[in-house]
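Here the structure is laid out as structure tokens; the discussion comes afterwards.
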Amino acid sequence: MPETFTATAPAGDARILIVGAGLAGLFLALRLAPRKCTIISPAPLGQAASSAWAQGGLAAALDPKDSPEQHADDTVAAGAGLVNPAIARLIAEEGPARVRDLIALGVPFDRTPDGKLALSLEAAHSRPRVARVAGDLAGKAIMGALTAAVRASSHIELIEHAKAVGLLQDTNGQIAGAILKDRRGRISTFTSPETVLCTGGSGGLFRVTTNPPQARGDALALAYGAGAVIADPEFVQFHPTAMDVGLDPSPLATEALRGEGANLIGADGESFMTRYHPKAELAPRDEVARAIHTEIAAGRKVYLDTRDAIGDKIKDHFPTVFAACMAAGIDPRIAPIPVAPAMHYHMGGILADIWGRSILNGLSVCGECASTGAHGANRLASNSLLEAVVMAARIADRLCDSDIKPAKESAGDVPADLPDEALQTLREDMAAKCGVVRDATNLSSLIESIDRLEAEHGPARALVAARLIASNALAREESRGGHFRSDYQDTLQTATRTYARLHAPDLEPAK
Ligand code: SIN
């Protein structure tokens, strides 16, 4: 049975609580100055956040020949009918200013010899617009700069080695803070007039993923349990080229390699992507992932061949990929890299408006755990870091301008964690039955397996999040973007978002 905890907010409690310490959480904290805030980080700052692993960069209309309109159009086209065009436009318009903010914070984006930002091409972008750092080190460099700035900021308190395992809520449903667990398993309550969930994604629910193991959809489960709306949870994005080298998580071979001309080949050395899509290696991410999945399912291994297009330059231009290959015993200068699709990004999440508000008073959401409508059914490459900084700035602007009243008395439940063996069973099942290609038989069997695990271990957060993904994937009887059903291969004419809400399952939020 879940354990219940209660809390009473002290008088004058005004500190904003930021749960999660990836790009969204750190950028938000910095933008809140001078308003006091506390960041909860499950690990030492800068570690265990997907943002630090990002090899791509930030997509933004930074070139005078580009425009926010074109960027928004590409975002909408990639999203297979489910991107909210107003959000795409807002993010594209505010994006360039946020990239300049990062430059001011010391992020050394790559430059051309004449000092302009060097912008790369990635799949489904109509022009080069991805600002990167040292090739594939954007996440590390951005998180390094932000970590230093956060540590030097007196308005930010940092609690490391702790995570939120429950939300505090008053009798009117207002969120009043969180229940925290530290690394020794000690529980405490943290009251706050505004809690912002920035906990990242849910790739850790899948056996094959590029995400850190901590990214297990915790925020989804917490917010759902409190009555927030979860939008489009079935839409997860499989990165086509995770390295298939027996590691968990799988190291990523960035899209930019294909942007620079790297080829997908079979064991016979032949390219195969033109058989699947006219844009071949530069087709949208979901198309490339499905093509590779089809080849592998037919018993053919797939490799990313960087030798001709990038050659020896891979060592300096893509140092993360090069190091991961060498650690796995593959020298990409002389051999192709074995690849397979892996769960990479959650497009669905906690429904948020253009100011990052969930439908619950006192609860905002930002970054991968939020669903603003920016990514639809298929996220455009390198739009996620951009969305995180744009939305973090908007949340900060709103909170700095508002006088939020804290809830006084509050309480919340903490379900038991899922034991590791059960978690591994769940992860195997999610990857096998809710992967790149789905069908009703497999999804129903997955839901039965989640039922069995829940009967044994209770409503653990990982099970709640997995059930949201699986049951919405079963309910969506069509193929669209990252969600492909072999038993419903057509795309319905009308694109509809799906919503899940614990306390009012029939609720249909305005679109
Ligand atoms: C990549 O570098 O391929 C990943 C970028 C992204 O996920 O946007």
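Values in this text are rule-based calculations from the coordinates and carry no lab data. As the structure is a computational prediction, the values presented were derived from the model and not from experiment. No Cβ is skipped: glycine too gets one built from the backbone with ideal geometry, and neighbour counts run over all protein chains shown.
Does the stretch 374-391 hold any residues that are of a type in the set (Gly, Ala, Ser), touching a helix residue (DSSP H, G or I) at 6+ places or on another chain (Cβ under 7 Å) and within 12 Å of the ligand (Cβ to nearest atom), and which are they?
381, 384, 388
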Of the residues in the stretch 198-219, those that are away from the ligand (no atom under 16 Å from the Cβ) and closer than 21 Å to residue 79 by Cα number 0
Residue ID - surrounded by the most Cβ atoms within 10 Å (Cβ to Cβ), chosen from residues in the stretch 257-290 that are more than 12 Å from the ligand (Cβ to nearest atom) and either under 25 Å from residue 49 (Cα atoms) or among the hydroxyl-bearing types (Ser, Thr, Tyr) (or both) | 286
Just checking, which of 291, 297, 335, 309 is free of Cβ contacts under 8 Å to residues at least 60 places away in the same chain and within 24 Å of residue 481 (Cα to Cα)?
-> 291
Could you tell me whether any residue of the stretch 248-265 is out of contact with any helix residue (DSSP H, G or I) (no Cβ under 8 Å at 6 or more places or on another chain) and closer than 26 Å to residue 438 by Cβ?
-> yes
Out of the stretch 20-44, which residues are farther than 14 Å from residue 160 by Cβ, more than 16 Å from the ligand (Cβ to nearest atom) and either not in a loop (DSSP other than H, G, I, E, B) or not hydrophobic (A, V, I, L, M, F, W, C) (or both)?
-> 27, 28, 30, 31, 34, 35, 36, 37
Got a sec? Which of 158, 146 is in contact with a Phe, Trp or Tyr (Cβ under 7 Å, 6 or more places away or on another chain) and either assigned to a loop (DSSP other than H, G, I, E, B) or closer than 26 Å to residue 34 by Cα (or both)?
-> 146
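Looking at the stretch 301-309, is at least one residue within 15 Å of the ligand (Cβ to nearest atom), under 30 Å from residue 498 (Cα atoms) and of a type outside the set (Ser, Thr, Tyr)?
No.
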Expected single match for part of a loop (DSSP other than H, G, I, E, B), within 14 Å of the ligand (Cβ to nearest atom), more than 13 Å from residue 343 (Cβ to Cβ) and not charged (D, E, K, R) among 241, 254 is 254
Looking only at the stretch 342-357, and only at residues there that are free of Cβ contacts under 8 Å to residues at least 60 places away in the same chain and of a type outside the set (A, V, I, L, M, F, W, C), the one that is nearest to residue 302 (Cα to Cα) | 353
Is it the case that the stretch 270-285 has a residue that's farther than 18 Å from residue 431 by Cα, in contact with a strand residue (DSSP E or B) (Cβ under 6 Å, 6 or more places away or on another chain) and assigned to a strand (DSSP E or B)?
-> yes
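Yes or no: residue 360 more than 14 Å from the ligand (Cβ to nearest atom), in contact (Cβ under 8 Å) with a residue 40 or more places away in the chain and surrounded by fewer than 22 Cβ atoms within 10 Å (Cβ to Cβ)?
Yes.
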